[in-house]
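Notes follow once the structure below has been shown.
The values are calculated or read from the model by the stated rules, or taken from the named source; none is laboratory data. All values derive from a computational prediction rather than experimental measurement. Cβ placement follows ideal geometry from the backbone for every residue including glycine, while neighbour counts extend to all protein chains displayed. Note: areas computed on protein heavy atoms with side chains; ligands, DNA, RNA excluded. Shrake-Rupley method; radii C 1.70, N 1.55, O 1.52, S 1.80 Å.
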Amino acid sequence: MDHTQAPILEALARYHERGALPFTPPGHKQGRGADPEVVKVLGDDVFRTDLLAFGGLDDRLGSGRVLERAEELMADAVRAEHTFFSTCGSSLSVKAAMLAVAGPHETLLVGRDAHKSVVSGLIISGVRPIWVDPEWDGARHIAHPPSAASFERAFDEHPEARGALVTSPTPYGSCADLVGIAEVCHRRGRPLIVDEAWGAHLPFCSQLPSWAMDAGADVCVTSIHKMGSGLEQGSVFHLQGDLIEPAVLKSRADLLGTTSPSVLLYAGMDGWRRQMVLYGEKLLGAALRRAHAVRDEIAAIDGLHVDGPADYVGPGLGSDFDPFPVVIDLTGLGVSGYRAADWLREQHDVNAHLADHRRISTQLTHADDPSTTGALLTALRELAGHAEDLRPAPEVAVPTPDELRMEQSCLPRDAYFGAVEDVPVARASGRVAAEMITPYPPGIPAVLPGEVLKRPVLDYLRSGLKAGMNLPDAADTGLDTIRVLVEGTGAD
């Protein structure tokens, strides 16, 4: 296929060349009706690119196959059989994949380190999750993807499971044994879904970990905006093999998605594919060299430790490692990630991606250059010099793996939609949660609807909140109360 083409971008150019006149949404009519103050901030081109996908970019029947051709090129670029674009983020894409594999009251094996969008999919669908525990590093207080052996055991205990879902890479860069997990699934004729939201770059550089389609996954969900050059909410999901019918996957996405997709987001994904096919190996190779150099310079700063393969890969850990999420352990400085992230933003306008009780993550991509990494290094050196101002690190009561895991007493959907009440956290232990409570980012829930609450998890969240943790989805964001099922309801 000719990857110098970009069907969506080319159709946009033709639309503007023709001087097409819309008597359709959007109502701003190519920006002519937009508030001038808004245009000052957003620019004219945002409005010029905002048009209907059908009846604008393409005709009302889609006879130009503009979107289809862009999706076919994307599939070819990443060695998939089918690709679907989404302008509702990977939060929608992963739900569509789940609903294509399992239906209400059917069983799906899911890594317990899944993003909250996966849990939302369980609530919407009524699918029964069987949680597969991550590999937990108790010394560093960090989770790695579940092992192939853990999925094997879960299938042995639940042979009725319709398939499996695993997250890889994690937001911290730890990668699962996707080849092993795919083999476990396929030996049973079951599909594997990979939430690879953080792995858009993986297919385009031979020096990076294997990506999901090459490893044998059936469906892979990727956020183009996270590690690629797409715009926020741009997502693609890929399909291969014969375990999931393409029409079913497309139907599930149509069920959940918008009927007003953003051509602006489509164009970003289309152009990014062309960029990666033509220049990805060169761009990402250079970015890797830069990332390794930056890692070495950060590691030379007193009190900072940069997590690497020795921390993340091996027995009881992950299977591979992506070096672009530059995860910095601040234990040696005696400060928390929350305070460090706030200080970097306030003092240097440097925004860390993740922050937890002991780490920050400073994500690099092919877009970085010496000006951005130099500013980062300057800020980190000054952070180390001002560490005393940020001490002592607030204590966060991180549970052990056994304390962290809670019994799933009923379906997430039944708990979420059940008869609920808000009770003081001091009286919540032993009650069944009716809400998600999610430290964000990265968005992995600590509490799920239907789980029986334990005191160590509640103590972790309360102490984390005092330390600077963000819990945006809790009904009571101050966590004085927690939403639970009324006793005697919601039994599985």
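Estimated from helices alone, the mean residue ellipticity of the chain at 222 nm is -11500 deg cm²/dmol (sum of -39500 (n - 2.57) over DSSP H runs with n ≥ 4, per residue). Of the GluC sites (Glu not before Pro) found in segment 85-155, those in coil by DSSP whose Cβ has at most 15 other Cβ atoms within 10 Å are Glu106. Taking other residues whose beta carbon is less than 14 angstrom from the beta carbon of Thr481, and scoring Lys, Arg as +1 and Asp, Glu as -1, yields -1. Taking every Cα-Cα distance in the chain and sorting them into 10 Å bins starting at zero, the pair-distance distribution P(r) comes out as 4, 18, 27, 27, 18, 6, 0 percent.
By the rule of a C-alpha distance below 23 Å, with chain neighbours fewer than 8 residues away ignored, the lysines paired with Lys40 are Lys29. Mind checking segment 98-207 for trypsin sites (Lys or Arg not before Pro) that DSSP puts in a loop (not H, G, I, E or B) and that have at most 12 other Cβ atoms within 10 Å? The qualifying sites are Arg187.
Dipole magnitude for the chain: computed about the Cα centre from +1 point charges on Lys and Arg Cβ and -1 point charges on Asp and Glu Cβ, it is near 620 debye.
Solvent-accessible area per residue in segment 299-338 equals 33 Å², computed with a 1.4 angstrom probe and all protein chains kept.
Note that segment 329-420, at 10 °C in a medium of 1.306 mPa s, gets a Stokes-Einstein diffusion coefficient of 101 µm²/s from its Kirkwood radius over C-alpha pairs.
The portion of the accessible surface of the chain made up by carbon and sulfur, rounded to a whole percent, is 51 (1.4 Å probe; DNA, RNA and ligands excluded). Mind checking which aspartates and glutamates have their Cα closer than 12 Å to the Cα of Lys95? Skip sequence neighbours fewer than 8 apart in that chain. The qualifying aspartates and glutamates are Asp195, Asp254. Between segment 42-101 and segment 313-330, the C-alpha centres lie 33 angstrom from each other. Can you name the helices of the chain, as whole DSSP H runs, whose Cα span along the helix axis is 15 Å or more and whose Kyte-Doolittle mean is not below 1.0? The qualifying helices are 89-101. If the viscosity is 0.692 mPa s and the temperature 37 °C, what Stokes-Einstein diffusion coefficient in µm²/s follows for segment 289-344 when Rh is the Kirkwood radius over Cα pairs? Answer, rounded: 266 µm²/s. Please report how far the C-alpha centroid of segment 215-257 lies from that of segment 7-22, rounded to the nearest whole angstrom. Distance between centres, Cα-based: 27 Å. How much net charge surrounds Ile328 when only other residues with a Cβ under 9 Å from its Cβ are counted (Lys, Arg +1; Asp, Glu -1)? The answer is -1. Site-free segments of the chain were taken between chymotrypsin sites (Phe, Trp or Tyr not before Pro) in DSSP loops having at most 14 other Cβ atoms within 10 Å, sites themselves excluded; the longest one is 24-416. Net charge in the neighbourhood of Glu81 (other residues with Cβ under 11 Å of its Cβ; Lys, Arg +1, Asp, Glu -1) is -3.
Select from segment 45-109 those trypsin sites (Lys or Arg not before Pro) which occupy a DSSP coil region and have at most 12 other Cβ atoms within 10 Å, ordered by residue number. In loop regions of segment 45-109 (DSSP not H, G, I, E or B), the sparsely surrounded trypsin sites (Lys or Arg not before Pro) are Arg60, Arg65, Arg79. Projecting the Cα atoms of Leu264, Thr362, Gly280 onto the dipole axis of segment 248-368, where Lys and Arg carry +1 and Asp and Glu carry -1 at the beta carbon, places Leu264 farthest toward the positive end. Determine the shape class of segment 280-373: with a ≥ b ≥ c the square roots of the Cα gyration tensor eigenvalues, call it rounded for a/c under 1.5, and otherwise prolate if a/b is greater than b/c, oblate otherwise. Oblate, because a/c is 1.5 or more while a/b does not exceed b/c. Rolling a 1.4 angstrom probe over the protein heavy atoms with all chains in place gives segment 82-209 an accessible area of 28 Å² per residue.
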